[in-house]
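Values in this text are rule-based calculations from the coordinates and carry no lab data. Since we're looking at a predicted model, the values are computed, not measured. A quick note on method: Cβ atoms are made from the backbone with ideal geometry, for glycine too, and the neighbour counts reach across all protein chains shown.
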Amino acid sequence: MRANVRAYAAFGAPVAAVVKNNAYGWGVARVVREIDDLIESYFVADEAEFWTLRMCTRRPIRLLAPAAPQHIAEICARGGIPNIAARDGVAAAAAFAATAGRAVTIRVGIIDAAGWSGIAAADAAAFGAMCAGLGVRVELWTHITSAARAAAAVQTFERGVGAFRAARADVAGIDIASTAWAPARLPANRVRIGAGIFGARLGGNAVTTCAIRVDAPAVAWFAPGAIGWAGYGDTAVPPGRGVVVLRCGYGDGLPKKLAGDDDILSVGMQYTSRLADRPMNEYAFIDDRSDLDALAHRLHVEPHELITGLAQ
Ligand SMILES: *Cc1c(COP(=O)(O)O)cnc(C)c1O
């Protein structure tokens, strides 16, 4: 994970670690412990995740979803950078800035942002004017969610940024790039990396390594020729081949569709059978030689779904 963070840092922009959903299921405290000294800040989805993460790190924490206006002062006071998509949120941030006697930073997403947290580019001029002169510094961001619309989304976003600046809002920064877009030199002064920390590349050219390891103990072995079938169905064992039974299955988060991959015959709830002509102690389903993107592609899932599923 540390090497992967460094691979994104090599693109030249500060790396913010996206640790929403309990760090993609892998345990936010544990992930923070590994990478805290290497990253610039964190992103979480909502207020609940903010308070959990606040206990684990002193670094700034940015929120993706809008926070409740009555909680904005408390979030800002505790080093949070709230996302705001409505007038009452801006008023709450301005009130906090006035009370605290210092500028306060907020975030405003411009759609595509993420579906649940942005304003329309057409509203950027009015929203920017509302933010101007209040001691409120604004980070503008969007989230590119479609390769086909990427160019148009960036253009729309840049129009929105221009409108904020024309309205004399204090634009403190802009960020667009997630794992998929980090290497594309999109206009950005920060990259938001989630899946990339685990080693997924999502089509980008960062040189990362799979940071996930899933291995299982072998609990039984059948010598070549001893059994002709495997699993709960009628999966045939090729003549003359041995079979190992591994204590890990879909009940542990192992995708059932791994059957057929790398000599795996069948994946049951707790046990998986795999061709093995000699006894073995354990088998690594996923390790640092794995390619998460290729594996996700073969399993017909998103790399994010694979990463969070394996966290079990
Ligand atoms: C989840 C998320 C990210 C991180 O996405 P990855 O593809 O995992 O890098 C970045 N930005 C936003 C808005 C997100 O919701």
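Provide the FRET efficiency to the nearest 0.05 for the residue 256-residue 234 pair, computing r from the beta carbons and using R0 = 22 Å.
Working from the Cβ atoms, E equals 0.85.
Of the residues 222, 285, 50, which exhibits the maximal mean-square fluctuation in a Gaussian network model of the chain defined by a 10 Å Cα contact cut-off?
The residue that fluctuates most here is 222.
Would you work out the relative contact order for the chain, in percent, from Cα pairs under 8 angstrom that are 6 or more residues apart?
RCO, the chain: 14 percent.
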